[in-house]
Amino acid sequence: MKIFARILTVAALLVPLVSTNAAAQDKPKVIRVYGQGAGFGKPYGNQVIGVLRDRGLLEKEFEKDGIKVEWTFATGTGPAINEAIANGQADFANYGGLPNIVGKAAGLPTKILASYGIGNVYLAVRANAGIDRIEDLKGKKVAVAFGTINHLGFQRFLELNKLTQKDLKVVNLKAGDQVSALQAGTVDAAFGGSNFLNLEDKKLVKILFDTRGEPSPVNNFGAFTVTESFAKQYPDIVRRVVKNFVIAARWASDDANRQEVFNIWAKTGIPADAYADDFLNQPLRERLSPLIDDFVLARYREGVVFSKEEGFIRQDVDLTRWIDTSYLDAALKELNLQNYWSRRDAAGKVKKG
């Protein structure tokens, strides 16, 4: 819990300073973008943010303005990105819904601009751990990264299977450390992302549960955000950034680019074959939609409730004031993509009509 108190303290002290510095500039000299995607071997992004970075869309957009783009993919993912925002080191950030919520409740002045899509989660168990059914997890040591979006998915997984954290020996490990712990046998199972699939191919683990297929409340989710001070000072820059984010999402959602997308994401250190397995029999556009639809809103509402129950936050988060889809709506209209991605209801079913 110390990290969340630290975020609150730093945010309260430094946000006014960030706003003042921004007001003193005619335009930014640099656009600082933070993202998830590190921690698996190399500092590179996956999902839409990885494509946006790899194709150099922002660099091309702002080259004529003399504005540089600075990319950072924090090893500590969500919690580390919150600290970067609190310290005035980030203008835009792409990361998971749970740390989004924790940061906002702690006072971080951010606005949600678009969804980063949804991701699958996996429960990997050591091949010789004697775990053949979900019920066998009782009393076993299970790793999950606390304070990340996978932590929320883990809780939803337990609820669906009528388990609680008290039934298990839950340990807090970052994504990269989970792989090492499984290989060393210091944990019996781990709950996380597609990085486990490579271990499954090597017969080191077996996947006992995953969310491949229809979207569910267990899927991870997150957002592309901007600081309020940056948006207030440079609204046209935000417009152009979001437009290019949507362009990247459209390109990444095209199954004609499927292998190239996986090759880009493989720069994180997760093999392209693992991403191919993660997206098996699933169109890219079903997972990489930037839309803030009812499904995404429902996940954020659940995330707020979970964060309060776990003591991560002490107050509600007003989603109507936090989420600003005006830039996204404008980009979709300008690019004639209003109907490219399907909107889903709270349960994840595609809306008709």
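The values are calculated or read from the model by the stated rules, or taken from the named source; none is laboratory data. Everything numeric in this text was worked out from a predicted model, so none of it was measured. Cβ: placed from backbone, ideal geometry, glycine included. Neighbour counts: every protein chain shown. Keep in mind that these areas ignore ligands, DNA and RNA; they rest on the heavy atoms of the full protein, side chains included. Shrake-Rupley method; radii C 1.70, N 1.55, O 1.52, S 1.80 Å.
So, with a 1.4 angstrom probe, what is the percent of accessible area on the stretch 275-353 that is carbon and sulfur? Please report the intermediate quantities before stating the final value.
Numbers: 1980 of 4290 Å².
Percent of accessible area from carbon and sulfur atoms in the stretch 275-353: 46.
Would you please classify the overall shape of the stretch 124-203 from the alpha carbon gyration tensor, given that a ≥ b ≥ c denote the square roots of the eigenvalues, rounded means a/c under 1.5, and beyond that prolate means a/b larger than b/c while oblate covers the rest?
Since a/c reaches 1.5 but b/c is at least a/b, the shape of the stretch 124-203 is classed as oblate.
What pairs from LYS203/LYS349; LYS174/LYS203; LYS174/LYS349; LYS104/LYS232 go past 25 Å between their alpha carbons? It would help to have the intermediate numbers written out before the result.
On the way: LYS203/LYS349 34 Å; LYS174/LYS203 22 Å; LYS174/LYS349 32 Å; LYS104/LYS232 17 Å.
Beyond 25 Å: LYS203/LYS349; LYS174/LYS349.
Can you order the peptides 243-249, 181-187, 346-352 by their average number of other Cβ atoms within 10 Å per residue, highest first?
On the way: 243-249: 23.3, 181-187: 16.7, 346-352: 12.6.
Output ranking for 243-249, 181-187, 346-352: 243-249, 181-187, 346-352.
Within the set of other residues whose C-beta is less than 15 Å from the C-beta of VAL305, count the net charge using Lys and Arg as +1 and Asp and Glu as -1. Don't skip to the answer; put the middle values down first.
Working: positive: LYS104, ARG156, ARG299, ARG301, LYS308, ARG314; negative: GLU159, GLU302, GLU309, GLU310, ASP316, ASP318.
Charge balance in the 15 Å sphere: 0.
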Which aspartates and glutamates, if any, have their Cα less than 20 Å from the Cα of LYS138, not counting same-chain residues under 8 positions apart? GLU159, ASP167, ASP188, ASP210
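Checking a compactness column here: for the stretch 57-110, what do you get for Rg(Cα) / (2.2 N^0.38 Å), N being the number of residues? Spell out each step's value before the answer.
Numbers: Rg = 12.9 Å, N = 54, 2.2 N^0.38 = 10.0 Å.
That ratio works out to 1.28.
In square angstrom, what is the accessible area per residue of the chain with a 1.4 angstrom probe?
Per residue, the chain has 43 Å² of solvent-accessible surface.
Per the Kirkwood treatment, what hydrodynamic radius in Å, one decimal, follows for the stretch 236-340 from the mean inverse distance over all distinct Cα pairs? Don't skip to the answer; put the middle values down first.
Numbers: mean 1/r = 0.0622 Å⁻¹.
Across the stretch 236-340, the inverse of the average 1/r is 16.1 Å.
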Whole-number D in µm² s⁻¹ for the chain, Kirkwood Cα-pair radius fed into Stokes-Einstein, 4 °C, 1.567 mPa s: 63 µm²/s
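What part of the accessible area of the stretch 68-166, given as a whole %, is carbon or sulfur when the probe is 1.4 angstrom? Show your work: numbers first, answer last.
On the way: 1450 of 3120 Å².
Ligands and nucleic acids excluded, carbon and sulfur reach 46 percent.
Could you tally the net charge around THR211, taking each other residue with its Cβ under 13 Å from the Cβ of THR211, Lys/Arg +1 and Asp/Glu -1? Intermediate values should be presented prior to the final figure.
Working: positive: ARG156, ARG212, ARG287, ARG299; negative: ASP210, GLU214, ASP278, GLU286.
Once positives and negatives cancel, what remains is 0.
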Provide the net charge surrounding LYS202, with neighbours chosen by a C-beta distance below 14 Å and charges set as Lys +1, Arg +1, Asp -1, Glu -1. -1
Kindly identify the stretch 70-220 as rounded, prolate or oblate by the Cα gyration tensor criterion: order the square roots of the eigenvalues as a ≥ b ≥ c, call it rounded if a/c is under 1.5, otherwise compare a/b with b/c, prolate if a/b is larger, else oblate. prolate
